[in-house]
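Please read the structure below before turning to the comments.
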Amino acid sequence: MRLPAGGAPETIRAAAGAGVTVFDTARAYDRNEQLLAAALRSVGAETRARIVTKGGMARPGGAWIPDGRAKAILADCEASLAALDGLPIDLYLLHAPDPRTPWRTSVRALARIREEGMARRVGVCNVNRRLLDDRLLRDLGLSRADVGIQLAQPFPGLGEALTRERAGFWQL
């Protein structure tokens with residue numbers, strides 16, 4: 001969600017003051033990462049905050065175009081780290097699978113982000129069951145316990161399994 005620059009700091013400060021600790025943002029949401037970092041610091045909440053951000057989504061002309069190329073995912077993560085100005089990324093998510101890029105390429109980029117310490121955990125958004133169950137996740141050392149899952153729309157038969165599996169994960 002894009003927050004208007006004028007209202008974002010107040011909204012974030014109010015959320016932090018009310019005890020919210022998990023903040024979800026993305027490179028594709030304009031300056032939200034910068035606004036989030038500044039607002040959290042302004043109320044001393046940066047050490048309690050857990051930041052979830054996403055990459056691999058281009059916005060040419062306002063359209064939403066997945067970009068699952070490794071260089072795009074890595075560049076987005078680096079840009080997120082810069083925008084967050086020293087705040088750590090607790091969970092870095094691929095915004096959406098890119099039908100033009102092999103799934104293996106995108107997942108390997110996520111594994112590299114985790115291995116290089118750019119984010120504590122990695123995950124995927126807007127995936128179907130086939131991609132979620134892909135052996136590739138295991139082959140690259142990304143078990144379901146290590147992969148955060150965020151779904152914009154529920155997929156049949158997945159809800160109950162996610163509830164069980166993410167119980168430990170979401171205790172960031």
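Bear in mind that the values in this text are calculations on the coordinates, not laboratory data. Because the structure is a prediction, the values reported are computed rather than measured. With ideal geometry, Cβ positions are generated from the backbone for all residues, glycine too; neighbour counts draw on all protein chains shown.
Taking neighbour Cβ counts within 10 Å as the exposure measure, how do S80, S106 sort from fewest upward?
S80, S106
Fewest first, what order do L91, L36, L132 take by the number of other Cβ atoms within 10 Å?
Values: L91 22, L36 25, L132 17.
Sorted ascending by nearby Cβ count, the order is L132, L91, L36.
Only sites in a loop by DSSP and with at most 11 other Cβ atoms within 10 Å count here; which trypsin sites (Lys or Arg not before Pro) in the stretch 64-138 make the cut? Write down the numbers at each step before the final one.
On the way: sites: R69, K71, R100, R104, R108, R112, R114, R120, R121, R129, R130, R135, R138; in loops: R69, R100, R120.
Filter output for the stretch 64-138: R100.
With a ≥ b ≥ c the root eigenvalues of the C-alpha gyration tensor of the stretch 1-111, is it rounded (a/c under 1.5), prolate (a/b larger than b/c) or oblate?
Values: a/c = 2.59, a/b = 1.81, b/c = 1.43.
Verdict is prolate for the stretch 1-111.
At most 12 other Cβ atoms within 10 Å and a DSSP loop assignment: could you name the chymotrypsin sites (Phe, Trp or Tyr not before Pro) in the stretch 3-110 that fit?
On the way: sites: F23, Y29, W64, Y92, W103; in loops: Y29, W64.
The qualifying sites are W64.
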